[in-house]
Amino acid sequence: MSLLRSIASGLRSLFRKERVEGDLDEELRGFLDMAAQEKMKEGMSSKDALRAVRLERGSLEVTKEVVRSAGWESVMETYWQDLRFGLRVLTKNPGFTTVAVLTLALGIGANAAIFNTANAALWRTLPVADPQSLVRLVAVRQDHRESNSLPVGVAEELRRSGIFSDVITRTDDGLSFSYNGSGAERVVGEVVSPNFFAFLGIRPALGQGFSVGVQKGQWAPEVVLSYRFWQRRFGSDPHVLGHSIRLNNYPFTIVGVSPQDFYSLVVGFDPELRVPQMPPGQSLSQSELLSSRYAEIMARLNPGIGIVQAEAAADAACQQFLRDDQLNRHEVNPTRHIHVMSGGRGWQGDLAKYRTSLLVLVGLAGVVLLVTSFNLTSMLLARATTRRRELAVRAAIGAGRSRLVRQMFTESALLAMAAGAVGLAIMSSTGNTILGFLPQGHINLVLDLSPDLRTLWFTAGLTVLAGVVIGLVPALQSTGNNLTLGLKSDSAASTGDSRGAIFRQALTIGQVALSLSLLATAGLFERSLANLRAADPFPQPDRVLLFRMKPQKELYDDQRIRILTAEVVRRMSTLPGVKFAALAEEGPYGSRGAMRATVRASDGRTVDADMDIVSPGLFATLGIPLLNGRDFSVRDDEGSKPVVVVDELLAQRLFGSDDPIGKMVEAPLHGNDVAFEIIGVVRATRYYDLHQTPPSMFFYNLQQAGPYMPTLHVRVGSANPEFVASEVRREFGVIDRDVPMFDVRTLRDRALDTLAQQRLVSDLAATFGALALTLVAVGLYGLMAFSVAQRTREIGIRVALGAERKQIMSLVAWQGMRIVFIGVALGLPASFLLTNLMAGMLYNVHPDDPLSFATVTFILGMVTLLACYIPARRATCVDPLVALRYE
Amino acid sequence: MPDKPSDLVQGTLDMLILKTLALEPMHGYGISVRIEQMSKGVFRLNAGSLFLAIQRLERDGLIDGEWKATENSRRAKYYALTDQGRKRLSSETREWGRQVAAIARILEAS
């Protein structure tokens, strides 16, 4: 009741301010008049009476301020006043405001962009119904390793057990796609259980998803396109439903387009389309994937069931199945147990390995924000110093100290808010930068980077924090001193602000130290990268073109693939501009995972080695020197004796210093151990991984071992690689347009992809370092210029007394460089701490690498010296006559 | 004046104003004079605290203000007790009595 009244009366005062104020005015005036009249009755003169009343009862103005500032509406009102005043002050200095807002916006924007990416990659929950109740199943294998891949039958078992409200499966692979008679294109398709969309509670953007029949177990060739594939390949055609496409040459009908915000349950993965898994017992010769017997499994907990409880029940329910299942029993490393993990964020997928890089970047961005805040604080302090007189006047006419602090604070808050808004804009325009560093191989990494609520809160939080940091110090600083000093115009007052100057120096020292740590990080990663690049074993990698192709094994039998690939190599080799052409199953920097095998010499010695399956001419194409013996030739075909080429390390390990040529080794081929004759020895290279010293390696002959998805390698002579690439594509279309060719890139790009984690950190740290260094230079320049301006008189006197230009210059420059020295002295140990944390990400560089540290310190020194030099020069131009007359 | 005017016990000003207005409606200066007289000069109010209290009481609905002419034929805002104010005064008086008695007992205990 009284609250209501208070609000009502407050509103009344706000809206009828003039009248209410007039009332109060008249009432108070009346009060004081009456008191004065009383005094006059006692015989005082009217002047004395007024004075006495003012002393006894308080003056009219002060009383008015006291009474007025008691109601809540007046608090609101002063905020409003502060806000308007703040806006006025900021718009009056557009230059200052722009620089300040941009500086801070860069800091906030960098943080927001990186946080947004990290959030999307690591922390975001899936955009599906009730993600908290989702769990993913993990297989614990015989050797105790965990794997996401489970026998599909497990899903059926879990459905029957009733532990979960529902269960889905998913798996994916490349498919040949064609539409309206187009040539084959490669797409990545996800095979999902028919209840996929219903389970996740997502409504397709177009259509209904899989038909009811399919959901009930009547399989039909239906396909749901992803939103982005629909945009890209079908031009967002709203009439695609019912159209027919071909996957591995089998016709499928489009029944839907998945919603825009749904990518997939695997973070970073956005398959082009989804098709329903076939029920057990059915299969389609065109695609083994449709009846895949392994899949990843996700389930939804029944309400009120915890994960631990569900895990115990699920494991128990599946034990019998796992023991009996033929598939699992005959597996080399069968599943023994089932774990249940929370699945609200989906599977981590390929992005998981960038976790460390992303976290490091989040940290580095934080350092950038600190530097920008320090810079801005320093700017505001400088400005507060020049505003001393204004503040003093305002204090003298009745503004309380808290009011002044609040005023300064409001200005900072306004600055911070503007910077936050600009920062968000920076974030959305640079959002893709980080993704651009990640390798886009035959499966693209895609992230939904539209900022979610968490990113917005994070940005808002940073903005508030920055506002507090940049506002509090200058506000307290400028009102902490005796303000009346500000009214005196003698020079004592203007040099009396030593506290502010010291504070600004401290801030600049902090900036120097922080930017040193950023630069040091960039320097170390840059050196690591240089080391890695130097380790690149292949000459002129930008002249080697890679084409991946995929003859679907369901459509092309081994013999046909062999003929096709031989034809490809033969015809590509004769194209103009092509020096060599050859095939490799994986090729350099390919995925090494399955490409390991044990080689046994005839004396029983065994070596685990990397391997690849290559065609004749690959060593020449890549530029791997043949040390001994010969390369494969077209005559080494399936009819002739099996041969292999080994690298020098393997030869050395198996045969010591003996000549390995002509020696026999046993190696697995298609599940059997086969005897091979060694026909050649090549130089050992970092074939699969630039980060590791070369392991032993050997090469099968493609004509004898049979490829699955070979990559065509083409070494270009003097011709333009792009021209050759288009020629190769054209020629390939002539040979067989039903085989998709995709992921065309140079060997250099592929090498860069393997360095993505280092490049990500190194490039962004360098950018951040450069930004911080610029801010330091600007800040230092500002500080020195200010100091020179304040010391004009002193410098004038020195010059008048005979100081040389050089002395003046070193006097000023030393003042600035001292700050830099202290900053470096503090920054070095801090940087050592920081870089030691990242030691694991460096390659062949010690985290305390003296060369890197010396280099970045030198760069820092040069830039800051320049920043001091300009004001120092200006100081030497001080004319003593002008300077001494100045005040 | 025998002594320097002393400060009011915290929170008692509202009660004193209510008490003053219980006799008859009065303007601000009248209230302050009356309190000064009744306290024999012990309490002297400055304008700030007086009007703060008046504003508070008016906002809480304990008193009601009305512009009227004074005997010296100038305008002044006269405040009168509302029913609610009357109730509040009697409850506060009772409470005050209890407290004073209690404090006195404590002080005389030794």
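No value in this document is a laboratory result; all are computed from the given coordinates. These numbers were taken from a predicted model, which means no experiment stands behind them. When we count neighbours, we look across all protein chains shown, and the Cβ atoms used for this are built from the backbone with ideal geometry, even at glycine.
The table below gives the values:
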{"item": "Restricting the stretch A:621-726 to trypsin sites (Lys or Arg not before Pro) in coil, as DSSP defines it, with at most 14 other Cβ within 10 Å", "result": "A:Arg630, A:Arg635"}
{"item": "Helix A:46-57 vs. chain A, principal-axis angle (Cα, 0 to 90°, nearest 10)", "result": "40"}
{"item": "Charge-dipole axis of chain A as Lys and Arg at +1 and Asp and Glu at -1 on Cβ define it, positive-most pick from A:Ala220, A:Leu747, A:Val578", "result": "A:Leu747"}
{"item": "Loop-located trypsin sites (Lys or Arg not before Pro) in the stretch A:134-207, at most 14 other Cβ atoms within 10 Å (DSSP)", "result": "A:Arg145"}
{"item": "Local net charge near A:Pro551, Cβ-Cβ under 13 Å (Lys/Arg +1, Asp/Glu -1)", "result": "0"}
{"item": "Electrostatic dipole magnitude of the stretch A:21-155 [Cβ: Lys, Arg +1; Asp, Glu -1; Cα centre; debye, to 20]", "result": "760"}
{"item": "Net charge, A:Arg406 excluded, C-beta distance under 14 Å - Lys, Arg +1, Asp, Glu -1", "result": "+1"}
{"item": "Relative intensity, log₁₀ I(q)/I(0), of the stretch A:341-398 from a Debye sum that treats every alpha carbon as a point, q = 0.13, 0.28, 0.29 Å⁻¹", "result": "-0.61, -1.04, -1.06"}
{"item": "Angle in degrees between helix A:850-876 and the longest Cα principal axis of chain A, rounded to the nearest 10", "result": "30"}
{"item": "Sites A:Leu801 and A:Ser402 - FRET efficiency at Förster radius 51 Å, r taken between beta-carbons, to 0.05", "result": "0.65"}
{"item": "For B:55-61, mean number of other protein chain Cβ atoms within 10 Å", "result": "5"}
{"item": "Cα-based Kirkwood hydrodynamic radius, chain A, one decimal, Å", "result": "33.7"}
{"item": "Segment A:Thr253-A:Leu327, extension gain: residue separation times 0.36 nm, minus the distance between their alpha carbons", "result": "23.5 nm"}
{"item": "Exposure proxy ranking, count of Cβ atoms within 10 Å, fewest first, for A:Trp347, B:Trp96, A:Trp457", "result": "A:Trp457, B:Trp96, A:Trp347"}
{"item": "Inter-site label distance for A:Leu476 and B:Gln37 at 7 Å from Cα along Cβ, in nm", "result": "5.2"}
{"item": "Amide N proximity, the stretch A:562-586 versus A:Val734 label position 7 Å along Cα-to-Cβ, cut-off under 16 Å", "result": "A:567-578"}
{"item": "Entries of A:Lys41/B:Lys68; A:Lys553/A:Lys663; A:Lys47/B:Lys19; A:Lys41/B:Lys87; A:Lys47/B:Lys68; A:Lys550/A:Lys641 with Cα pairs more than 31 Å apart", "result": "A:Lys553/A:Lys663; A:Lys47/B:Lys19; A:Lys41/B:Lys87"}
{"item": "Degrees between helix A:152-161 axis and first principal axis of chain A (Cα, 0 to 90, nearest 10)", "result": "70"}
{"item": "Neighbour net charge for A:Ser285 - beta-carbon separation under 13 angstrom, K R +1, D E -1", "result": "-2"}
{"item": "R0 of 60 Å, Cβ-Cβ distance A:Leu881-B:Ser73: FRET efficiency to nearest 0.05", "result": "0.25"}
{"item": "Hypothetical label at A:Ile307: residues of the stretch A:322-356 whose amide nitrogen lies under 12 Å (7 Å Cα-Cβ projection)", "result": "A:339-346"}
{"item": "The stretch B:13-108: radius of gyration and largest Cα-Cα distance (Dmax), Å", "result": "14.6, 51"}
{"item": "Stretch in chain B that is longest and holds no trypsin sites (Lys or Arg not before Pro) that DSSP places in a loop and that have at most 14 other beta carbons within 10 Å", "result": "B:1-39"}
{"item": "Point-to-point label distance, A:Ala425-A:Arg571, nm (Cα→Cβ direction, 7 Å offset)", "result": "5.4"}
{"item": "Additional length obtainable on full extension of the chain from A:Gln37 to A:Tyr179, 0.36 nm per residue less Cα span", "result": "40.9 nm"}
{"item": "Packing-based exposure ordering (other Cβ within 10 Å, fewest first) of A:Leu445, A:Leu158", "result": "A:Leu445, A:Leu158"}
{"item": "Shielding of B:77-84 by partner chains, average beta-carbon count, 10 Å", "result": "1"}
{"item": "Contour minus Cα-Cα distance for A:Lys216 and A:Ser450 (0.36 nm per residue)", "result": "80.7 nm"}
{"item": "Efficiency of FRET from Cβ geometry, A:Ser161 and A:Trp457, R₀ 51 Å, rounded to 0.05", "result": "0.80"}
{"item": "Dipole in debye (nearest 20) - the stretch B:13-108, about Cα centre, beta carbon charges: Lys, Arg +1; Asp, Glu -1", "result": "80"}
{"item": "Distance in nm between pseudo-label sites at A:Thr125 and B:Val100 (7 Å out along the Cβ direction from Cα)", "result": "6.3"}
